[in-house]
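**Q** Handing you a structure now.
The values are calculated or read from the model by the stated rules, or taken from the named source; none is laboratory data. Everything numeric in this text was worked out from a predicted model, so none of it was measured. As a convention, Cβ positions derive from the backbone with ideal geometry for all residues, glycine included, and neighbour counts pool all protein chains shown.
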Amino acid sequence: MSLLKEPDFGTPAKAGPATVAVEVDGLPVTVPEGTSVLRAAALSGIEIPKLCATDSLEAFGSCRLCLVEIDGRKGTPASCTTPVAEGMRVRTQTPRLEKLRQGVMELYISDHPLDCLTCAANGDCELQDMSGAVGLRQVRYGYEGANHLGQEKDTSNPYFDFDPSKCIACSRCVRACDEIQGTLALTIEGRGFGSKVAASAGELFLDSECVSCGACVQACPTATLEEKSVVDLGMPGRTVLTTCAYCGVGCSFKAELRGDELVRMVPYKDGGANEGHSCVKGRFAFGYATHPDRQLQPMLRESIDDEWRVVGWDTAIAHVAGRMREIQARHGVGAIGGITSSRCTNEEVYVVQKMVRAAFGNNNVDTCARVCHSPTGYGLKQTFGTSAGTQDFRSVAKADVLVVIGANPTDGHPVFASRMKRRLREGAKLIVIDPRRIDLVRTPHIEATHHLQLAPGTNVALVNALAHVAVTEGLVDRSFVDERCEEFDQWAEFIARQENSPEATEGITGVPAQELRAAARLYATAGNAAIYYGLGVTEHSQGSTMVMGMANLAMATGNIGREGVGVNPLRGQNNVQGSCDMGSFPHELSGYRHISDDAVRTVFEDLWGRELLAEPGLRIPNMFDAAIDGSFRALFVQGEDIAQSDPNTRHVTAALRAMDLVVVQDLFLNETAKFAHVFLPGTSFLEKDGTFTNAERRINRVRPVMKPKSGKHEWEIVCEIADAMGYPMAYGHPREIMAEIAAVTPTFAGVSFEKLDRLGSVQWPCNDKAPEGTPIMHVDGFVRGKGRFVPTPFVPTSERSTRKFPLILTTGRILSQYNVGAQTRRTANVAWHPEDVLEIHPHDAEVRGIRDGDEVTLSSRVGETSLHALLSDRMPVGVVYTTFHHPVTGANVVTTENSDWATNCPEYKVTAVQIGLKTPHVPSAATAGAVPVPVD
């Protein structure tokens, strides 16, 4: 059996206490009611031959190999589609069944190359396995499908091949695309021997709607769909279970190797976050870890204008420590600081913030969450009492209404998006709140009940209007509010004001009042309604206010504390939740406890043996401002490309230039490294040993597939720098770091590597009250005691369109690329997104003389860049959109210094811009006399 294919047992047992006793080949077995005969047989240790059945797909019954005989019943039913019944007696091996199965298999083999060399070499063909299992010795019919066997292989996809000559039309790939991924990109064309799998009506895979998630490859029982890496390297021989290093879904994978070479990443069926599914990034885009661009040796230079010189680890560490001490002696203890990375493990992040506080002697530590989800931390802590989402991912299966606000799950969180699509196809309703028409608004068999296409920057006005409807139309869950919440009356008085009504806010948001009222009623009366949101909520000047507004709405309608409800941030990076949990903010220690709390500080001081400052340190924007002012002189940057990812790039690079020492710890010489004096090579996720925490608070183990290519783990490097600065910080293994985290962090008190290895994963809080974790938060009460309603007045952003900059730019991500693209740009994913483009409405393009594909300039009051135009009606007139994955574009050159009032999270989603042709068109004879259209 291939490592790729896991045991398949037909339709999984349905949940419920009722059980039935059956007999399979004389063996008694008791199983839950609704279990298939196929699964009951497997549980009793009997394997029934099968081809179309897997335990990840709905029972289909098409292959006719899993036939059985049941006493008292006529015929030979398919065991995968037949549920058990009390007292049922099943026979799986009889002469009649053997003859039937051989006949069925003979038909399959007649349409398949029995001498399939790829199948034989890789051991990856269930058809050949099953032909042996049913005792087939010869094929009487010959090869009837001559044309089928001679079809050309489709090698267009960069990661897998499609060989139709090996296809048996079992439809497992089609069903996987439908049921698991939800894209419906595959179909069966033709009839009889002419039946074949086709991608999007006969297109090549690369040109089709296929999103390369790998579900079809995973499901294929032959070598019809096969990874190129397996063809090139051969079948793997050993497996390491680990966690994906891309988005905040946190998928579990089996890294499968041949010797020490990674062959493929196979989604792990028991992974709590993904349950056997994956996306193109996690499944295939791991090649960056061994890319020749990796820098594997420490490097130094005195000036950013000098050439890098390679040095040994001892020299590099001594240099960093010595220069840090010198700068502090000259400019003061607060002149240095650090930034932690959301792509590093909890253990690596923890030691960086500890180094800053205990070795540097200040609280000048921050993390990339500052520029993405810091408003989530602030807003949810103010209302619920803790800085994290409320549900697990499975909870979406119980939602009656899904509200997606400022997020694009199919691109940013595709594995969770597949869960959402599954629930929506089952009948749940969808409300999308977004200026852009994301894929979920209209996709196969799904159409949003409401798309509230609001103007960028007006989120708070819209959420207040939704709450206004709930309060003024008597849709508040008074029993929940009275029992579980406080300060409701003051909030209700505020929210009931006419200024918050849908009619009053229509002119602000652009959303018709009646449409908004209908959406509010749908949410408030849903039964179970869940909010899922992304950076389109947080990256605004009122990001924190909006988070509190959503929390207010959920509490008012009672949509907290059970499955199918909640307020759920879709975290962008793999460990952004964990980096926040670990105390990476300048005002908080691990577990979100304020640095000014004497009792909390004492816990750390007693363990660390160092007095800590009670005053919060500098945030990232404050570090930049202080660097330009001359008071902040040195920065340790762990795995973040701030020169590409942070707003107003000119301001960031000016700050980096002003510093005496910039230390970059990363995989590649990125944009920030252009301004660095020291480069310390980092480790990819394949080399890490530790934990990541995903968007649902799930702590997953990350296990090393290979040794650190640089010779050192990142946590070791940080500890050695601290030690060289005079503060001993030694650990023998990351498990010891987690033990310290558990000792000082109440929400992690019950977490250990041993427990994670035993249970697979846990969701914090994990402690004496919840020793195996907490999937759903705030079930019986809020973390802060009672949920707190907070008034959320709408304050318009200062960033508005003008005559000079009449358009509004908003930004986002695309499926095939990740964050600033440092990883995905070094993989074959560039086949789908080789450059960032600017989406512009045809009307806005027409008045500017812009055609599809033209190179245009994009300018704001702080900068200018150029990129190609893509005419699209996804955006309303007056709004343009781009991604930020390619440094050559540098989209953040134009984003401004505006930020959230509470957290300084940048306002990436609202930038006033102008668009112009970079090179004017040469007039044709037909248009030479045309009168130009004036532009504001």
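**Q** Look through segment 223-253, keep the residues that are among the hydroxyl-bearing types (Ser, Thr, Tyr) and in contact with an Asp or Glu (Cβ under 7 Å, 6 or more places away or on another chain), and return whichever of them is nearest to residue 265 (Cα to Cα).
**A** 239
**Q** Determine, yes or no, whether residue 601 is of a type outside the set (A, V, I, L, M) and more than 34 Å from the chain's Cα centre (by Cα).
**A** No; evaluated as a whole, the condition is false for this residue.
**Q** Here's something else I'd like to know. Every residue in segment 527-558 that is part of a helix (DSSP H, G or I) and more than 16 Å from residue 786 (Cα to Cα), please.
**A** Those that are part of a helix (DSSP H, G or I) and more than 16 Å from residue 786 (Cα to Cα): 535, 536, 537, 538, 543, 544, 545, 546, 547, 549, 550.
**Q** Can we say residue 182 is surrounded by 17 or more Cβ atoms within 10 Å (Cβ to Cβ), on the phi > 0 side of the Ramachandran plot and not polar (S, T, N, Q)?
**A** Yes, satisfied.
**Q** Let me spell it out: the conditions are (1) assigned to a helix (DSSP H, G or I); (2) at pLDDT below 95; (3) over 19 Å from residue 812 (Cβ atoms); (4) of a type outside the set (Val, Ile, Thr), and residue 924 meets all of them except one. Which number is the exception?
**A** (1)
**Q** Taking segment 739-753 as the region of interest, how many residues are free of Cβ contacts under 8 Å to residues at least 40 places away in the same chain and assigned to a helix (DSSP H, G or I)?
**A** 2
**Q** Which one of these is closer than 27 Å to residue 351 by Cα and in contact with a Cys (Cβ under 9 Å, 6 or more places away or on another chain): 736, 772?
**A** Unique residue meeting the criteria: 772.
**Q** Condition first: closer than 13 Å to residue 794 by Cα and either of a type in the set (Val, Ile, Thr) or not assigned by TED's automatic domain parsing to the domain that holds residue 434 (or both). Now tell me which residues in segment 496-529 satisfy that.
**A** 505, 508, 509
**Q** I would also like to ask the following. Inspect all residues belonging to segment 211-225 and state whether any of them is surrounded by fewer than 24 Cβ atoms within 10 Å (Cβ to Cβ), over 20 Å from residue 762 (Cβ atoms) and of a type outside the set (A, V, I, L, M).
**A** no
**Q** Give the residue that is farthest from residue 419 (Cα to Cα), with candidates limited to residues of segment 207-246 that are among the aliphatic types (A, V, I, L, M) and under 23 Å from the mean Cα position of the chain (by Cα).
**A** That would be 240.
**Q** Quick one: which residue in 237, 248 is in contact (Cβ under 8 Å) with a residue 12 or more places away in the chain, crowded, with 24+ Cβ neighbours inside 10 Å and touching a Lys or Arg at 6+ places or on another chain (Cβ under 6 Å)?
**A** Only one candidate qualifies: 248.
**Q** Still on this model: Scan the helices (runs of 4 or more DSSP H) fully inside segment 570-656 and keep the ones with 2 or more residues being touching a residue at least 60 places away in the same chain (Cβ under 8 Å), crowded, with 20+ Cβ neighbours inside 10 Å and out of contact with any Pro (no Cβ under 6 Å at 6 or more places or on another chain).
**A** Result: 576-581, 620-629, 642-645.
**Q** Then there is this: Going through segment 347-396 one residue at a time, which ones are assigned to a helix (DSSP H, G or I) and touching a Pro at 6+ places or on another chain (Cβ under 6 Å)?
**A** 347, 371, 376
**Q** Within segment 730-741, track down each residue that is surrounded by 19 or more Cβ atoms within 10 Å (Cβ to Cβ) and among the hydrophobic types (A, V, I, L, M, F, W, C).
**A** Scanning segment 730-741 gives 737, 738, 741.
**Q** Sticking with this structure for a sec: Taking segment 807-821 as the region of interest, how many residues are of a type outside the set (S, T, N, Q) and either free of Cβ contacts under 8 Å to residues at least 60 places away in the same chain or under 17 Å from residue 284 (Cα atoms) (or both)?
**A** Number of matching residues: 4.
**Q** Further question on the same structure: Can residue 707 be described as of a type in the set (D, E, K, R) and touching a residue at least 24 places away in the same chain (Cβ under 8 Å)?
**A** No.
**Q** Quick one: how many residues across segment 200-222 are without any contact (Cβ under 8 Å) to a residue 40 or more places away in the chain and hydrophobic (A, V, I, L, M, F, W, C)?
**A** 1
**Q** Consider segment 521-532. How many of its residues are touching a helix residue (DSSP H, G or I) at 6+ places or on another chain (Cβ under 8 Å) and surrounded by fewer than 24 Cβ atoms within 10 Å (Cβ to Cβ)?
**A** Looking only at that region, the number is 2.
**Q** While we're on this one: Within segment 664-721, count every residue that is aromatic (Phe, Trp, Tyr) and either closer than 18 Å to residue 288 by Cα or assigned to a loop (DSSP other than H, G, I, E, B) (or both).
**A** Of the residues in that region, 2 qualify.
**Q** Let me ask you something else. Give the number of residues within segment 339-353 that are among the β-branched types (Val, Ile, Thr) and within 19 Å of the chain's Cα centre (by Cα).
**A** Of the residues in that region, 1 qualify.
**Q** Tally time: how many residues in segment 321-369 are touching a Lys or Arg at 6+ places or on another chain (Cβ under 9 Å) and within 29 Å of residue 704 (Cα to Cα)?
**A** Within segment 321-369, residues that are touching a Lys or Arg at 6+ places or on another chain (Cβ under 9 Å) and within 29 Å of residue 704 (Cα to Cα) number 13.
**Q** Follow-up. Looking at 361, 385, which is the one that is under 30 Å from residue 325 (Cβ atoms) and surrounded by fewer than 24 Cβ atoms within 10 Å (Cβ to Cβ)?
**A** 361 is the lone residue from the list that is under 30 Å from residue 325 (Cβ atoms) and surrounded by fewer than 24 Cβ atoms within 10 Å (Cβ to Cβ).
**Q** Would it be correct to say that residue 736 is more than 30 Å from residue 395 (Cα to Cα), among the acidic types (Asp, Glu) and assigned to a helix (DSSP H, G or I)?
**A** yes
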